[in-house]
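Q: First, the structure itself, so that you have it in front of you.
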Amino acid sequence: MTMKVKPHRWGRVTKAIHAGEETLPRTGPLIPPIYQNSTFRFASSDECVDAFSDESSDHVYTRWGNPTQSVLEAKIAALEESEAALATASGMAAISTALLTRLGHGDHVVAMDSLYSATHNLLYEDLPRVGIETTFVDGTDTNQIEQALRANTKALYIESPANPTLKLVDIRACVKIARLHGITTIIDNTFASPCGQQPIKLGIDVVVHSMTKYMSGNGTVIAGAIAASAPFIESARIRVLRNFGGVISPFNAWLTLHGLATLPLRFVRHCENAFRVARFLESHPAIEWVRYPGLHSHPQHKLAKRQMQSFGGMIAFELKGGVEAGKRLVNGTQLCALAVSLGDVRTLICHPASTTHLHIPAEARKQSGISDGLVRLSVGLEDAEDIIADLDQGLP
């Protein structure tokens, strides 16, 4: 006997806890079990042959899919309100799988210039080797997006909020442009998470995540996700992920399930803390500027209110003392950990120009707004007063 539910009608917290588990028996383990195995057995040769058809939902081999992974994917789809979802081994596996599902030799991508560094490298260095070209533009300027389009443009790739600049992109405007030209829209929603922004509802075709960050939340997992239409996800699973092999392990899928169950509750705290920390930084005499979508001083605050449900836990700021002041700050904090990830329960601080974006050419960093003095702060779940006190003692 299984649960008869319609998870897309549930509230967000209920989805995070229960979605994807409706196929589990009503009696037995309360928590979805981990299927830590590589392959599955069949009762007969006919059953085995049937399982190898693309239409079959039977599990054959964990590189093709796994019951633990299936529960996770259903939960992701429910939170993003997409038709389907695909879990991957990392955020970059999600991004590369999504791009290669849509693109082939001779195709062109328009991408914003302020991107996660590995994504930039994939588009700038790796995809050209297989005949896929990218034009980078200021994603906040829709005129630049339109002017960059070519006859062979097949995808528009954006981040909003962008890593690490916290720039926002007008998602609805991008969707409008893309639909006029038959272009697939892909957005990295890692900074916002499904709790801060739901791009599918704004018209985006494909959403990617590094689940390593907010969706897992505990710094224990490397994982990624794609949310899109059912045909896109099936194509991504069968045509790309199976062959390139960027599959999530059952153990990481199981750990991510535990993280997702608390995501909506954690994200509220991330947002509350980030707003308080951003207000403190904005008032500090050593700070040149602060970028947080929830602040009125953010140049795109009105856009943030239109397309975001909450403003997230990420802050970017510039110190008046430049690089040296930034080094003193990250070396001087004790509670805020010097680490390059984000979305963790702990507050993490880093200097992108010398860490996460070090291998992006200096001119490209400057063009995208990543200055040498920019500091990125991922605000955690500690008491806000303690985070502020730690930053205050580290600032000049």
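The values are calculated or read from the model by the stated rules, or taken from the named source; none is laboratory data. This is a predicted model, so every value here is computed, not measured. Cβ placement follows ideal geometry from the backbone for every residue including glycine, while neighbour counts extend to all protein chains displayed. Just the protein is used for accessible areas: all its heavy atoms, side chains included, with ligands, DNA and RNA removed. Shrake-Rupley method; radii C 1.70, N 1.55, O 1.52, S 1.80 Å.
Q: Output the number of residues of segment 357-396 satisfying the condition of being among the acidic types (Asp, Glu) and within 12 Å of ASP113 (Cα to Cα).
A: The number of residues fulfilling the criteria is 1.
Q: Which of the residues that make up segment 340-352 are within 18 Å of the chain's Cα centre (by Cα) and without any contact (Cβ under 8 Å) to a residue 40 or more places away in the chain?
A: Hits for segment 340-352 are VAL340, LEU348.
Q: Now for a separate question. Given the conditions (1) under 21 Å from LEU374 (Cα atoms); (2) buried (at least 17 other Cβ atoms within 10 Å of the Cβ); (3) not basic (Lys, Arg), report the number of the one that LEU303 does not fulfil.
A: (1)
Q: Can you confirm whether ILE132 is farther than 14 Å from ILE186 by Cα and either among the basic types (Lys, Arg) or touching a strand residue (DSSP E or B) at 6+ places or on another chain (Cβ under 8 Å) (or both)?
A: Judged against the criteria, ILE132 is a match.
Q: Which ones in segment 86-141 are in a loop (DSSP other than H, G, I, E, B) and open to solvent by less than 10 Å² (accessible area, probe 1.4 Å)?
A: Filtering segment 86-141 for residues in a loop (DSSP other than H, G, I, E, B) gives 89-90, 103-107, 113-116, 131-132, 138-141.
Result: SER114, LEU115, ILE132, GLY139.
Q: Next question, about the same structure. Of the residues that make up segment 40-53, is at least one in contact with a Ser or Thr (Cβ under 8 Å, 6 or more places away or on another chain), within 24 Å of ALA155 (Cβ to Cβ) and of a type in the set (D, E, K, R)?
A: Looking for residues that are in contact with a Ser or Thr (Cβ under 8 Å, 6 or more places away or on another chain), within 24 Å of ALA155 (Cβ to Cβ) and of a type in the set (D, E, K, R), one finds none in segment 40-53, hence no.
Q: In segment 249-278, what residues are of a type outside the set (A, V, I, L, M), more than 30 Å from GLY65 (Cα to Cα), buried (at least 18 other Cβ atoms within 10 Å of the Cβ) and touching a residue at least 40 places away in the same chain (Cβ under 8 Å)?
A: HIS270, CYS271, ASN273
Q: Among the residues of segment 280-294, write down those that are among the charged types (D, E, K, R), out of contact with any Asp or Glu (no Cβ under 7 Å at 6 or more places or on another chain) and surrounded by fewer than 22 Cβ atoms within 10 Å (Cβ to Cβ).
A: Selection gives GLU282 alone.
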